[in-house]
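Trainee: If you scroll down you'll find the structure; I have some questions about it.
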Ligand SMILES: [Zn+2]
């Protein structure tokens, strides 16, 4: 059965991933063997999970001490007799300007643009790029190297009365890295101590942001661990890749997220069981708003001064603050409605309905019958209807019954599709095993997010 599952996984996953899985599984034992027992006081571990089997990562290969390997020299550079003259493209430069600076003539510009197989490339010079010249004793241009970026360059080689061209394209190599930390004060501080870039910390927060409020829920002793990608070129880190798998423990609750790529969906995160990390609804329709009045079925109405159920949550915000639809759906009503004033009602599938009241105005295109996406602005905060001041009154209905929007359990967004599920579960198991195997100091019991 294992063979069958692997074969299916091979079909469903990009080759790159499989290569990683293989390389990393092979390395796991080596790494475990070379890793010293972590000191009890250690707060973090960062291990470079290199794809180069011949060069197994050592504990010294932490983010801060990662030493770039020497870039392999190009064939041209290998010949010692060449003396390259280098010119950097400046704003407003033309090929003629640069050739002149290099001590070449207008004839040389003419020759290279008329007697080469690709003169077009040289007409797209951008400031900051580099041109390298190999000029002979008689001031003839032997070679020209146009370095477009760290990833691509073009070499023009003079042969007789023509220039042959050689294009070089390099690819970024993805390296897997593992990192973990225990939180003292904030996710940001812990992330920095663990050597994570600001972008990665933000990404980590957004992966778990549906379950954990990083402003309010974080406690000292919370922890995280993650496997992410780093993009390298010639042994040097160029940029971060994405998070492949991560675990966050918040007040003893364990959340695990595994990245899954399918078709146009580039990297969505799911629980190891295949549920989306995202929820079908945002918890709040306004960013960073203060709740001014809670859901309360026996409340004295501030305007009517009678006991009247407060069937929603009020968010205090200044007039004009954008209001977002909390889920994908269809506007079923956008207009005035008694005490609600200007109101938008969105239907989300059969079961769910949300209501946004006291609007100052509607967003462009927010009309009855229009489809809306989660997070799309549908209107602006106002005080229309029975309102003492500008605020949003938000209601949440499940099967026609009103619920407290702050505490109602929100359904997950779409799970892994049925035809990808088997391969995903296999992949998720592997990634979870890696998180456990690489953990330096934290060994939480693996648990599901549910
Ligand atoms: Zn209200």
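Values quoted throughout were computed directly from the atomic coordinates according to the rules given, and no laboratory measurement underlies them. Keep in mind it's a predicted model, so treat the numbers as computed, not measured. Methodologically, a virtual Cβ is constructed for each residue, glycine included, from the backbone with ideal geometry; neighbour enumeration extends over all protein chains shown.
Trainee: In percent, how large is the relative contact order of the stretch 75-167, given Cα pairs closer than 8 Å and 6 or more residues apart?
Mentor: 26
Trainee: With the radius of gyration and the Kirkwood radius both derived from the Cα set of the stretch 188-314, what is their ratio Rg to Rh?
Mentor: Rg/Rh for the stretch 188-314 comes to 1.13.
Trainee: Sticking with this structure for a sec: From the P(r) of the stretch 75-167, can you give the percent of Cα pairs sitting at distances over 22 Å?
Mentor: 18
Trainee: Give the order of 395, 433 when sorted by the count of other beta carbons within 10 angstrom, beginning with the fewest.
Mentor: Listed from fewest to most nearby Cβ atoms, that is 433, 395.
Trainee: If r is the Cβ-Cβ distance from residue 101 to residue 202 and R0 is 41 Å, what FRET efficiency results, to the nearest 0.05?
Mentor: Efficiency, rounded to the nearest 0.05: 0.45.
Trainee: What FRET efficiency comes out for residue 165 versus residue 266 if R0 is 35 angstrom and r is the Cβ-Cβ distance? Round to the nearest 0.05.
Mentor: FRET efficiency, residue 165 to residue 266: 0.55.
Trainee: Between residue 234 and residue 407, what length comes free when the chain is fully extended (0.36 nm per residue of separation minus the Cα-Cα distance, one decimal in nm)?
Mentor: Gain in length upon complete extension: 57.2 nm.
Trainee: Normalising by the residue count of the stretch 247-343, find the relative contact order in percent from Cα pairs under 8 Å and 6+ residues apart.
Mentor: Reported as a whole number, the value is 18 percent.
Trainee: To two decimal places, what compactness ratio does the stretch 290-403 give when its Cα radius of gyration is scaled by 2.2 N^0.38 Å?
Mentor: That ratio works out to 0.99.
Trainee: Relative to a virtual label point 7 Å from the Cα of residue 301 in the Cα→beta-carbon direction, which members of the stretch 315-349 show backbone nitrogen distances below 13 Å?
Mentor: Answer for this model: 338-341.
Trainee: How much length is gained if the chain between residue 254 and residue 273 is pulled fully straight, taking 0.36 nm per residue apart and subtracting their Cα-Cα distance, in nm to one decimal?
Mentor: Gain on stretching residue 254 to residue 273: 5.5 nm.
Trainee: First measure r as the distance between the Cβ atoms of residue 215 and residue 364, then evaluate 1/(1 + (r/R0)^6) with R0 = 25 Å and state the FRET efficiency to the nearest 0.05.
Mentor: The value I calculate is 0.20.
Trainee: Further question: Suppose a student asked you for the relative contact order of the stretch 290-403, using Cα pairs under 8 Å spaced at least 6 residues apart; what percent would you report?
Mentor: Relative CO of the stretch 290-403 lands at 30 percent.
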